[in-house]
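The values are calculated or read from the model by the stated rules, or taken from the named source; none is laboratory data. All figures in this text were calculated on a predicted structure; none of them were measured in a lab. A quick note on method: Cβ atoms are made from the backbone with ideal geometry, for glycine too, and the neighbour counts reach across all protein chains shown. To get the accessible areas, we keep the full protein, side chains included, count just its heavy atoms, and leave off ligands, DNA and RNA. Shrake-Rupley method; radii C 1.70, N 1.55, O 1.52, S 1.80 Å.
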Amino acid sequence: MNFNDYQRPSVAVDTVLFRCVDIDRGHRKGNGKELQVLLIKRKDEPFVNSWSLPGGFMSCESGNLYDTAKNKLLEKTGISNVYIEQLATFDMLNRDPRGRVLSVTYLGVTNEEKYTKNESYTHEAKWFSIKNNSLETENIILNINELAFDHGTIIVEALNRLKNKIDYSDLAFYLLPEKFTIKEAQLLFEVVLGYRIDSFRRKLGKRVLETEEFVQRVGKPAQLFVFNKDWKKEEFL
């Protein structure tokens, strides 16, 4: 059988990029953290004017999947210098009305002080706060199932990956600033996992290192920490 006799599905890449921001929970509860995901507003059919993950088709000349994901993120949102890792391939028959399209998806995590924002990009992009099954920003509230294609399903899969890996990997520290307090780290872990963590400093173990810097908080100053780049994953309790 000749190579040209085989059907060739299209291949797309999509990136689920998360960040964590500070929020004010009110006088009694104090500051907290909120997980957000980056979405773009589609300019073309199908799903014109709907919100979706940033991504696009891979061409035969565009290099590997990883580079394509990074390039599409930059092209459509202006964001670069973020950590991404391959998440999964989504291959449902009817996921794209244009035909058979496989989506190789990537999980990305970043902090606002770490990524680069280029002012040249092609789509309207917004960070949406994740609140159970809804995504919210400014005056827009979306049900996660209202996103284009199967992107709601992809976001749920990315959230599950983040929850599963946060306890034994360095993913959480891409979501934190370079220097952080233990309280900041605890709030981040708790918002991702969805429950309160006791004895948090002990559970961090050797993943963090003390600095000689402090920040003023209500009461006594809080010490700043950094991620221990020499930390070995097998040392985590």
L102 being open to solvent by less than 30 Å² (accessible area, probe 1.4 Å) and either closer than 23 Å to E157 by Cβ or assigned to a loop (DSSP other than H, G, I, E, B) (or both)
no
Selection count, the range 34-66, where residues are part of a helix (DSSP H, G or I) and more than 17 Å from the chain's Cα centre (by Cα)
1
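Residues to consider are E157, E138; find the one that is open to solvent by 40 Å² or more (accessible area, probe 1.4 Å) and modelled with pLDDT of 95 or more.
On inspection, the qualifying residue turns out to be E157.
Pull up the range 1-46, narrow it to residues that are farther than 30 Å from M92 by Cα and among the basic types (K, R), then point me to the one that is modelled with the lowest pLDDT. Show your work before the answer.
Residues of the range 1-46 that are farther than 30 Å from M92 by Cα, as a first pass: 20-34.
Checking the rest, the ones that are also among the basic types (K, R) come to 25, 28-29, 33.
Numbers: R25: 69, R28: 54, K29: 57, K33: 93.
Top of the filtered list is R28.
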Sole miss for L87 among (1) within 23 Å of R161 (Cα to Cα); (2) at pLDDT below 95 is condition (2)
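Tally time: how many residues in the range 190-210 are open to solvent by 60 Å² or more (accessible area, probe 1.4 Å), part of a loop (DSSP other than H, G, I, E, B) and under 26 Å from L107 (Cα atoms)?
Going through the range 190-210 one residue at a time, the tally reaches 3.
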Open to solvent by 40 Å² or more (accessible area, probe 1.4 Å), farther than 22 Å from I84 by Cβ and of a type in the set (D, E): which single residue out of E213, E184 fits that description?
E213
In the range 85-137, anything charged (D, E, K, R) and under 27 Å from L193 (Cβ atoms) is listed as E85, E112, E113, K114, K126, K131, E136
Among the numbered conditions (1) more than 13 Å from the chain's Cα centre (by Cα); (2) at pLDDT below 95, tell me where E112 comes up short.
(1)
Which of the following residues is among the hydrophobic types (A, V, I, L, M, F, W, C), in a loop (DSSP other than H, G, I, E, B) and either at pLDDT 95 or above or under 18 Å from E113 (Cβ atoms) (or both): L187, L176?
L176
Filter pass, L224 being more than 18 Å from the chain's Cα centre (by Cα), at pLDDT 95 or above and open to solvent by 10 Å² or more (accessible area, probe 1.4 Å):
yes
For the range 86-99, give me each residue that is surrounded by 13 or more Cβ atoms within 10 Å (Cβ to Cβ) and assigned to a strand (DSSP E or B).
Q86, L87, A88, F90
Looking at K131, K117, K163, which one is of a type in the set (D, E, K, R), open to solvent by 60 Å² or more (accessible area, probe 1.4 Å) and under 13 Å from the mean Cα position of the chain (by Cα)?
K163
